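Have a look at the structure below, then the notes.
The values are calculated or read from the model by the stated rules, or taken from the named source; none is laboratory data. Since this is a predicted model, take the numbers as computed values, not measurements. Using ideal geometry, Cβ is built from the backbone for each residue, glycine included, and neighbour counts are taken over all protein chains shown.
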Amino acid sequence: MAEITTIARPYAEALFRRAQETGQAAQWSEHLAWLATLVKNEQFAGVIGDPRLTREQLVSFILGLSETPLDSEAQNLVAALAENHRLGALPAIARQYEGLRHEHEGILDAQIASAYPLNEEQVRQLIEHLERSHGKQVRVHVVVDSALLGGISITIGDRVIDGSVRARLEQMAVALKH
């Protein structure tokens, strides 16, 4: 996992710098989201690894799938990634690009994991609390993780606020051992 992150970082940073120069941050987000979705597709994964396809054929195939043509810079990105056998890094590139974009725009990305589904009001209250405590706009992604047993866990960047029952039981187990 760390390797793909390391591979993706320079691409994401270069794309973000270019997007800032050209004022096309939103357009790059769309391009990268589409390309990342394509690469995540199981059927497409077989195409990437097909040794019978030349890199040019692979690039043509990818570009032919787009409903709206990619601009020349996005086409160049696809060609460079194909040439360097890095198409599989597109989801990580897209994630890192969005992280840089949100950081620049003063937006925090948070993942809220809950043992049970949260209703809209609960999510709204959590967002309001996070925005007040961090002084920034917060975008959340909510997931249900039954392994938490109860409560929630919030991840913002490399910071984790774990209020889950599982975490509390683990803390009690450690305390009892000492």
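Out of (1) touching a helix residue (DSSP H, G or I) at 6+ places or on another chain (Cβ under 9 Å); (2) surrounded by fewer than 18 Cβ atoms within 10 Å (Cβ to Cβ); (3) of a type outside the set (A, V, I, L, M); (4) within 17 Å of residue 30 (Cα to Cα), what's the single condition that is false for residue 101?
(2)
Would you confirm whether any residue within segment 143-153 is touching a residue at least 40 places away in the same chain (Cβ under 8 Å), surrounded by 15 or more Cβ atoms within 10 Å (Cβ to Cβ) and either assigned to a strand (DSSP E or B) or in contact with a helix residue (DSSP H, G or I) (Cβ under 8 Å, 6 or more places away or on another chain) (or both)? So that I can check it myself, show each step before the final result.
Step one: filter segment 143-153 for residues touching a residue at least 40 places away in the same chain (Cβ under 8 Å), giving 152-153.
Add one more test, that the residue is surrounded by 15 or more Cβ atoms within 10 Å (Cβ to Cβ), and what stays is 152-153.
The next check asks that each one be either assigned to a strand (DSSP E or B) or in contact with a helix residue (DSSP H, G or I) (Cβ under 8 Å, 6 or more places away or on another chain) (or both); those that pass are 152-153.
Within segment 143-153, one or more residues are touching a residue at least 40 places away in the same chain (Cβ under 8 Å), surrounded by 15 or more Cβ atoms within 10 Å (Cβ to Cβ) and either assigned to a strand (DSSP E or B) or in contact with a helix residue (DSSP H, G or I) (Cβ under 8 Å, 6 or more places away or on another chain) (or both).
So which residues in segment 154-178 are part of a helix (DSSP H, G or I) and in contact (Cβ under 8 Å) with a residue 12 or more places away in the chain? Write out each step before concluding.
So in segment 154-178, the residues part of a helix (DSSP H, G or I) come out as 165-177.
Selection gives 165, 166, 167, 168, 169.
Just to be sure before I move on: is residue 6 β-branched (Val, Ile, Thr), exposed (fewer than 13 other Cβ atoms within 10 Å of the Cβ) and farther than 19 Å from residue 85 by Cα in the structure I sent?
On the way: β-branched (Val, Ile, Thr): yes; exposed (fewer than 13 other Cβ atoms within 10 Å of the Cβ): yes; farther than 19 Å from residue 85 by Cα: no.
So residue 6 fails the test.
Can you name every residue in segment 104-123 that is touching a residue at least 60 places away in the same chain (Cβ under 8 Å) and surrounded by 18 or more Cβ atoms within 10 Å (Cβ to Cβ)?
Within segment 104-123, none qualify.
Please determine, by comparing only the residues of segment 133-142 that are outside any helix (DSSP H, G or I) and of a type outside the set (S, T, N, Q), which one is surrounded by the fewest Cβ atoms within 10 Å (Cβ to Cβ). Step through it out loud before you land on a result.
If we filter segment 133-142 for residues that are outside any helix (DSSP H, G or I), which is where we start, we get 135-142.
Now narrow it down to the ones that are of a type outside the set (S, T, N, Q): 135-136, 138-142.
Values: 135: 8, 136: 14, 138: 21, 139: 12, 140: 17, 141: 10, 142: 15.
Per the criteria, the residue is 135.
Within the group 147, 113, which residue is over 20 Å from residue 8 (Cβ atoms), among the small types (Gly, Ala, Ser) and under 20 Å from the mean Cα position of the chain (by Cα)?
Values: 147 fails: under 20 Å from the mean Cα position of the chain (by Cα).
Result of the check over 147, 113: 113.
Can you tell me which residue among 20, 43 is in a helix (DSSP H, G or I) and closer than 28 Å to residue 102 by Cβ?
On the way: 43 fails: closer than 28 Å to residue 102 by Cβ.
Exactly one residue qualifies, and that residue is 20.
So which of 126, 87, 130 is modelled with pLDDT of 90 or more, closer than 30 Å to residue 52 by Cβ, buried (at least 19 other Cβ atoms within 10 Å of the Cβ) and out of contact with any Lys or Arg (no Cβ under 7 Å at 6 or more places or on another chain)?
87
Kindly indicate which of 74, 89, 94 is touching a Leu at 6+ places or on another chain (Cβ under 6 Å) and in contact (Cβ under 8 Å) with a residue 40 or more places away in the chain.
Working: 74 fails: touching a Leu at 6+ places or on another chain (Cβ under 6 Å); 89 fails: touching a Leu at 6+ places or on another chain (Cβ under 6 Å).
Being touching a Leu at 6+ places or on another chain (Cβ under 6 Å) and in contact (Cβ under 8 Å) with a residue 40 or more places away in the chain holds for just one of 74, 89, 94, which is 94.
Can you work out which of the residues in segment 57-112 that are β-branched (Val, Ile, Thr) and in a helix (DSSP H, G or I) is nearest to residue 164 (Cα to Cα)?
The initial filter retains those residues of segment 57-112 that are β-branched (Val, Ile, Thr), namely 59, 62, 68, 78, 93, 107, 112.
Next, from what is left, pick out any that are in a helix (DSSP H, G or I): 59, 62, 78, 93.
Details: 59: 46, 62: 43, 78: 42, 93: 31 Å.
Going through the qualifying residues, I end up with 93.
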